[in-house]
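In what follows, a structure is listed as structure tokens, so that the remarks can point back to it.
The values are calculated or read from the model by the stated rules, or taken from the named source; none is laboratory data. The model shown is predicted, which means the values in this text are computed figures rather than measured ones. Here the Cβ positions follow ideal geometry from the backbone for every residue, glycine too, while neighbour counts run over all protein chains shown. These area figures cover heavy atoms from the full protein model, side chains too; ligands, DNA and RNA do not enter into them. Shrake-Rupley method; radii C 1.70, N 1.55, O 1.52, S 1.80 Å.
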Amino acid sequence: MTRIGRTLAALGGALTLLLAGTGIAEARFGQLADGFEANPGALWHIETLGSGQGGFDYDNGTQRSGRGNGWLHSGYSSSAAAAMGTWAYMGNGGISHCNAEIQVNPLNNRSQEISIEVRNSANGFVATGERYLAYPGYQTISLAFDLSGYQSIYVRYLLMDSGRGFDGEWVRLDDFVLTCWP
């Protein structure tokens, strides 16, 4: 064995003993990420009220990254709204803290507000929040929450008309990431 080989073998053995002696903590977490690239309609549910609308674009230059994005239009009256949401299953035990993050681009040459809602399948809301979107460009919005032992949650982005114009509110959504950890 060469001198380099003996040195590497000794270092490997020392590292093995060090790790065995101190132990390594196992990090447990869950993550769901979607960039609206491959069949987003299979993952995302669109809900509308009145003249509200929602959908997906692909390869038209409106995405933040990749080739696709989602969009919401709140409609043309104060009683209209649109929402986009997805279910996430985070497994059994060990996960309690979460953060839902998405990139949002407000349109119509003005700032807007969007609601983030997290629901469980049994009892309703886990967490909610309003986020102010400064025009123009994609920006990160997020909501941190406690999973409280729930295994399935529904993360939803809701856009309602602000009443500031006759053309409704428009936003594009891209690069969603839900991360949960102990």
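Amide H contacts of Val126: Val118, Arg119, Asn120, each under 5 Å away and 5 or more positions distant or on a separate chain (H built 1.01 Å from N in the peptide plane; Pro and chain starts excluded).
In order along segment 52-57, phi translates into HN-Hα couplings of x, 9, x, x, 9, 10 Hz, rounded to whole numbers, per the Karplus curve 6.51 cos²θ - 1.76 cosθ + 1.60 with θ = phi - 60° and x for Gly and Pro.
Give the distance, in whole Å, between the Cα centre of segment 38-103 and the Cα centre of segment 116-182. The distance from the Cα centre of segment 38-103 to that of segment 116-182 comes to 9 Å. Annotation: amide H of Leu133 within the under-5 Å range of Gln112, Glu113, Ile114, sequence separation 5 or more or interchain, hydrogens built in the peptide plane. Tell me, what % of the accessible area of segment 122-182 is carbon and sulfur with a 1.4 angstrom probe? Solvent-exposed carbon and sulfur of segment 122-182 make up 55 percent of the total. For the pair Ser51 and Val177, the difference between a 0.36 nm per residue extended length and the Cα-Cα distance amounts to 42.5 nm. With K and R counted +1 and D and E -1, the other residues having a Cβ less than 9 Å from that of Asp175 yield a net charge of -2. Multiplying the residue separation of Ser65 and Ser77 by 0.36 nm and removing their Cα-Cα distance gives an extension gain of 1.2 nm. Rolling a 1.4 Å probe over the protein heavy atoms gives segment 45-176 an accessible area of 45 Å² per residue.
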